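Note sheet for the following structure.
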Amino acid sequence: MASSNVTGSNVNASTTAAPDAGAPAQAMTMRALLVRGMLVGIAGAALALVVAWIYGEPQVGAAISFEEAHAGHAGHEPEVVSRAVQKSAGLITAVGFYGVAIGGIFAIAFAFAYGRLGALHARATAALVALLGFAAVEGVPFLKYPATPPAVGNPDTIGSRTALYFGMVAIGIATVVGAVIVCRRLVPRFGTWNAVTLSAVAFALVNAVLFQVTPKPDAIPEHFPAETLWDFRIASLGMQAVLWATLGLLFGWLTERSVRK
């Protein structure tokens, strides 16, 4: 696999196909794409960390202060990991590994999509894959189960909430992939614009129905500051947006630059 070349519709061991016909084979090998994806994922994670430190961490601190203030006489369990470590080395490690993982998955998705989404060059393909990936992995789950600060929610339901969230991620991926497949099949009959519009409407309707039948998210504790909750959720969404935007723009630019070098 490491020595094969990504082409428009398959992985070929000799040459790359349109839209970048004649480009050096080395630039589009799966190994090169994976390494590039993980490196770009690290770059995206670094930018996401800046968003987390500026906008997210203050809201986490406010949520923890709220929890401690309302703990009453029940006391507060000692921290296994100090707050200073959590927002420095802990956050860097978690976001870094996440960026590498998402970058590698993104590279695989790009390799599969390249040449299958119309006559798009590497940069446009990467941007479209990033947009679809953000919608599937972050957009759909966020609309149903938006992020909440660590101190919010019943600790006894962490397992069930985690399962519901990842279930919604799976639904997001499945509905996005389904919308792309439907769009491709409608293009010859209805044209690109109409096919995209019909697929987007179908995607929205299917997810609206699924939102109704899936369990509701945990209730927010009474008197929890609405502004803190809102700001945390926006910061969480912003982190993901920065990461996926970096993947789409930087990965596409580097890949197109490599095949045309």
Q.
Against the empirical 2.2 N^0.38 Å scaling, what ratio does the C-alpha Rg of segment 128-168 come to?
A. 1.34
Q. Hey, any idea what % of segment 216-261's accessible area is carbon plus sulfur with a 1.4 Å probe?
A. 61
Q.
How large is the direction-averaged shadow of the alpha-carbon convex hull of segment 178-221, in nm²?
A. 3.9
Q) Roughly what would the spin-label model give for Ala241 and Arg189, points 7 Å off Cα along C-beta, in nm? A) 3.6
Q: Using amide H atoms built 1.01 Å from N in the peptide plane, name the residues 5+ places from Thr29, or on other chains, whose amide H lies under 5 Å from its own.
A: Val6
**Q.** Whole-Hz couplings from phi, Karplus 6.51/-1.76/1.60, listed for segment 171-185; x for Gly and Pro
**A.** 5, x, 5, 5, 6, 5, 4, x, 5, 5, 5, 4, 4, 4, 6
Q. Across segment 130-138, in residue order, what do the Karplus-derived ³J(HN,Hα) couplings come to in whole Hz, using 6.51 cos²θ - 1.76 cosθ + 1.60 with θ = phi - 60° and x for Gly and Pro?
A. 5, 5, 5, x, 5, 5, 6, 7, 10
**Q.** Projected-area mean, segment 167-240, by convex hull of Cα positions, square nanometres
**A.** 6.7
Q) Shape of segment 87-143 from its Cα gyration tensor (a ≥ b ≥ c, root eigenvalues): rounded if a/c is under 1.5, otherwise prolate when a/b > b/c, or oblate? A) prolate
Q.
Can you compute 3J(HN,Hα) from phi for each residue in segment 253-261, using the Karplus curve 6.51 cos²θ - 1.76 cosθ + 1.60 with θ = phi - 60°, rounded to whole Hz and x for Gly and Pro?
A. 5, 5, 5, 5, 5, 5, 6, 9, 4
(Q) Counting only protein heavy atoms and a 1.4 Å probe, tell me what percentage of segment 128-204's accessible area is made up of carbon and sulfur. (A) 73
(Q) Regarding segment 103-236, what's the average projected area of the Cα-atom convex hull, expressed in nm²? (A) 9.8
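The values are calculated or read from the model by the stated rules, or taken from the named source; none is laboratory data. Only a predicted model underlies this, so the values are computations on that prediction, with no experimental measurement involved. Cβ coordinates were reconstructed from backbone atoms using ideal geometry, including for glycine residues, and neighbour counts include every protein chain displayed. We work out accessible area using only protein heavy atoms, side chains counted, and drop any ligands, DNA or RNA first. Shrake-Rupley method; radii C 1.70, N 1.55, O 1.52, S 1.80 Å.
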